[in-house]
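Contents: one structure, followed by commentary.
The values are calculated or read from the model by the stated rules, or taken from the named source; none is laboratory data. All of these numbers come straight from a predicted model, not from anything done at the bench. Here Cβ is always computed from backbone atoms with ideal geometry, including for glycine, and neighbour counts include all displayed protein chains.
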Amino acid sequence: MSRLQAKLLPHQMQFVQSNARYPALIAGYGAGKTEALVMRVLRFISGIPNAVIGVYEPTVDLIKRILYPRFEEIFGGAGLIYTLNKTDGILEVFMPPPIGKCQIIFRSMDNYSRIIGYETHHAILDEIDTLPKDKAFEVWVRVLARNRKGSHTQSASMPKKNTVGVTTTPEGFNFTYELWGKTHKDNPDYELIRGRTADNWHLPSDYIDALRRTYPPNLIDAYLNGEWVNLVGNTVYSSFDRYKNHTQLTLDDWPAHAPLHIGADFNVVRMAAVTVLKGEDGHYYVVDEMHKLRDTPALIETINARYPYATRRATIYPDASGRSRKTVDASKSDIRLLREAHFRVNAPKKNPPVKDRVISVNTLFCDATGDRRLFVNTDRCPALTEALERQVWDENGNPVKDGTEDILDALGYVMTRIAGLNRPVTAVTRMRMV
Ligand SMILES: Nc1ncnc2c1ncn2[C@@H]1O[C@H](COP(=O)(O)OP(=O)(O)OP(=O)(O)O)[C@@H](O)[C@H]1O
Ligand SMILES: [Mg+2]
């Protein structure tokens, strides 16, 4: 145990050794949170006879892909004898006397009906902030209810109470902010430990640079330093600057057959579309907008009228969700109309979460290294420009809609599909359940 602890980073050590009732390691991507979780479990099973520890991830998939291999690697490396029953989500460890057999119970937070029928001494939840706030509270209450097993340890170094720890990267002003940052800010039961990505020198040297290229500047602090960032009332497209992201380029600056990427959002009487071209420099240019169109036939007519060889060069990137208020599957018929008009249509089964779309577009406008890869002809696209500058976040973490900014969705659909950003990941593929 001491050999393993010697390797811990300071914030990991603080979390592993914390005897607070509710310790939270709130830290950047790749800061070593999950590693600390496993080490805290190891600490408990080294000191509590027949310890039962609950370990939670947002999804079953994360338990299988991240936790099982990590536990096996670290337990195997420590020479522990264990059996892992993946079907039941139970790992049994056979420790030398007087500890004896310990159990680690793995459960997912998205299926919280299964947080039932067992008792734990201690629990740890990984990445709880990726859950919507109300769901996170629901899980929290259930985990607390399970975490009531009496401890018979004589060891002075073990916590005297049942503890529930949290290891997570913060997502805006979400669950962890509510408990550790606000309601229980000065309550010693709630210990807040911060860790920065940069503190983990085990990461590949280009990891942070790669992250900076996939996030806008206003989010990177949260994601690298483990800070809560309040977005309420701030503009959604904070990276957009009408001067720095302006382009003089128009359609005429491209060859006659250059591919046109047209993002389109369907809505009653408010169809909107934007036309994007890729430059030789690899950057993207929004050269044209269409808005306040009545319906899909009107959109088709406009595209054909504006662009020579339109059907041969244009791909349409419509809303995939069927959110149109016309009829239940109106958007399907809209997509069919586009196809019947001989356009290529790029429509996945599902739209990505709104927040992911916004992050991608913001990062293209300006990433955390200061690079701008998406430009708008603000003279030709006044409606888009105005919408980009005006839309703000509401207190639930959603962009405020006043029924006029469908054009922003249109931009999001096309940009995420032609230039979607691949984030670097260490262990966890980020789950954003928004
Ligand atoms: N104390 C340590 N000693 C050696 N390697 C470590 C240590 N802590 C973390 N690492 C390594 O650093 C990488 C990131 O650690 P880990 O996955 O625990 O971070 P994380 O904060 O959970 O990341 P994510 O945000 O992706 O969930 C892993 O490859 C892990 O093995
Ligand atoms: Mg992790």
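What the table below lists for this structure:
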quantity: Residue selected from the stretch 5-38 under the condition within 10 Å of ligand 1 (Cβ to nearest atom) and among the hydroxyl-bearing types (Ser, Thr, Tyr), by the criterion nearest to residue 75 (Cα to Cα); calculated: 34
quantity: Residue identified as on the phi > 0 side of the Ramachandran plot and out of contact with any strand residue (DSSP E or B) (no Cβ under 6 Å at 6 or more places or on another chain) among 77, 150, 89, 100; calculated: 100
quantity: Options 117, 79, 165, 150; residue that is of a type in the set (Gly, Ala, Ser) and touching a Pro at 6+ places or on another chain (Cβ under 6 Å); calculated: 165
quantity: Test: residue in the stretch 266-274 that is assigned to a strand (DSSP E or B), surrounded by 12 or more Cβ atoms within 10 Å (Cβ to Cβ) and not hydrophobic (A, V, I, L, M, F, W, C); calculated: no
quantity: Strands (runs of 3 or more DSSP E) (entirely within the stretch 6-88) containing at least 1 residues that are within 25 Å of residue 198 (Cα to Cα) and touching a Lys or Arg at 6+ places or on another chain (Cβ under 6 Å); calculated: 22-27
quantity: Residue check for residue 144: modelled with pLDDT of 95 or more and under 27 Å from the mean Cα position of the chain (by Cα); calculated: yes
quantity: Any hit, the stretch 218-225, residues being of a type in the set (S, T, N, Q), touching a Lys or Arg at 6+ places or on another chain (Cβ under 8 Å) and assigned to a helix (DSSP H, G or I); calculated: yes
quantity: Residues satisfying the stated conditions in the stretch 262-272, i.e. modelled with pLDDT under 95 and at negative phi; calculated: 264, 265, 266, 267, 268, 270, 271, 272
quantity: Selected residue [in the same structural domain as residue 74 (by TED's automatic domain parsing), surrounded by 17 or more Cβ atoms within 10 Å (Cβ to Cβ) and touching a residue at least 12 places away in the same chain (Cβ under 8 Å)] from 157, 151; calculated: 151
quantity: Qualifying residue in the stretch 143-156 (condition: under 20 Å from residue 34 (Cα atoms) and either assigned to a helix (DSSP H, G or I) or within 16 Å of ligand 1 (Cβ to nearest atom) (or both)); calculated: yes
quantity: Search result, residues across the stretch 68-92 that are of a type in the set (Val, Ile, Thr) and under 33 Å from the mean Cα position of the chain (by Cα); calculated: 74, 83, 87, 90
quantity: Tally, over the stretch 173-202, of residues that are in a loop (DSSP other than H, G, I, E, B) and either crowded, with 22+ Cβ neighbours inside 10 Å or away from ligand 1 (no atom under 16 Å from the Cβ) (or both); calculated: 8
quantity: Residues being over 16 Å from residue 21 (Cα atoms) and within 16 Å of ligand 1 (Cβ to nearest atom) - total across the stretch 114-142; calculated: 6
quantity: Matching entry among 71, 75 (being more than 23 Å from residue 188 (Cβ to Cβ) and away from ligand 2 (no atom under 16 Å from the Cβ)); calculated: 75
quantity: Any chance residue 240 is touching a residue at least 12 places away in the same chain (Cβ under 8 Å), in contact with a Cys (Cβ under 9 Å, 6 or more places away or on another chain) and either among the acidic types (Asp, Glu) or crowded, with 21+ Cβ neighbours inside 10 Å (or both); calculated: yes
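A quick yes/no check of all residues on (1) over 30 Å from residue 226 (Cβ atoms); (2) surrounded by fewer than 17 Cβ atoms within 10 Å (Cβ to Cβ); (3) modelled with pLDDT under 95:
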site: 74; (1), (2), (3): no, yes, yes
site: 82; (1), (2), (3): yes, no, no
site: 87; (1), (2), (3): yes, yes, yes
site: 96; (1), (2), (3): yes, yes, yes
site: 114; (1), (2), (3): no, yes, yes
site: 122; (1), (2), (3): no, no, no
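Yes/no matrix, rows are residues, columns are (1) more than 12 Å from residue 167 (Cβ to Cβ); (2) touching a helix residue (DSSP H, G or I) at 6+ places or on another chain (Cβ under 8 Å):
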residue	(1), (2)
13	yes, yes
23	no, yes
26	no, yes
33	no, no
46	yes, no
49	yes, no
54	yes, yes
57	no, yes
